[in-house]
Amino acid sequence: HKWLRSVPPLDKPAWKPDKDAYLKEWQDNWEKAQAAEDKIVMEWLRRSQAIVWSLDFRMFESSTTGWLHWDLWVDNMVLNEHGLAGIVDFDRMSMAYQEIDVARAVLSGALRDGRMRMEAARAFMDGYREQLEVPQGTLTRGMRMLYLIESLWWLRTEVRTESGLRGLLGRFIEEIHWIEDHWTSLSEQLDTV
């Protein structure tokens, strides 16, 4: 992200938090789950709808836009004995909110067996802070943005039922459920990381 700040920005972000847009796409997912009589996904969607209805979208007004990888999870990071050696898979790179990348990296790298390994999350954030300033609340806000984006991708009947996708994508569903399960305590857990 530090290097990407030298790249000229686009006119507008590719995505921004929008309650109406979320609920419209949510409705499409709901109708598909109903048609498939997928009670599991319907319950997932009830939870996501309640979360989004309760969310004060003004919390995102202080977020700044910038270039982001947009798919910064552990499988796209190359490590060696000295730490991060490189990042791959830039085909989705765009302008939005860099805190989304931060949240995705922490979530995929620190969540194991339904438990956030705070020492791993802290290590990532400490390394990130060596490069850029991270105001308090950034990681929590990033997790909430990540939820707004990814819950629409992963909490769908086709993801849950397609056998070829279940194993690979199950981790993302687990991550979304972790955010849901900790929604009201995200600040308490993550703002000190």
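The values are calculated or read from the model by the stated rules, or taken from the named source; none is laboratory data. This is a predicted model, so every value here is computed, not measured. As a convention, Cβ positions derive from the backbone with ideal geometry for all residues, glycine included, and neighbour counts pool all protein chains shown. The protein model used for the area step is the full one, side chains on, heavy atoms only, and it has no ligands, DNA or RNA in it. Shrake-Rupley method; radii C 1.70, N 1.55, O 1.52, S 1.80 Å.
Structural remarks
- Among (1) closer than 21 Å to residue 176 by Cβ; (2) hydrophobic (A, V, I, L, M, F, W, C); (3) part of a loop (DSSP other than H, G, I, E, B) - the single one residue 45 does not satisfy: (3)
- When we screen 59, 125 for residues that are at pLDDT 80 or above, part of a helix (DSSP H, G or I) and open to solvent by 20 Å² or more (accessible area, probe 1.4 Å), the only hit is 59.
- Some residue of the stretch 134-144 being open to solvent by 40 Å² or more (accessible area, probe 1.4 Å) and within 23 Å of residue 62 (Cα to Cα): yes
- Helices (runs of 4 or more DSSP H) completely within the stretch 128-193 that count 1 or more residues being within 30 Å of residue 3 (Cα to Cα) and in contact with a strand residue (DSSP E or B) (Cβ under 8 Å, 6 or more places away or on another chain): 138-154, 163-181, 186-190
- Check on residue 67, within 20 Å of residue 132 (Cα to Cα), surrounded by 14 or more Cβ atoms within 10 Å (Cβ to Cβ), at pLDDT below 75 and not basic (Lys, Arg): no
- Checking the stretch 82-103 against the condition returns a match, with at least one residue being open to solvent by 70 Å² or more (accessible area, probe 1.4 Å), at pLDDT below 95 and either farther than 22 Å from residue 11 by Cα or assigned to a strand (DSSP E or B) (or both).
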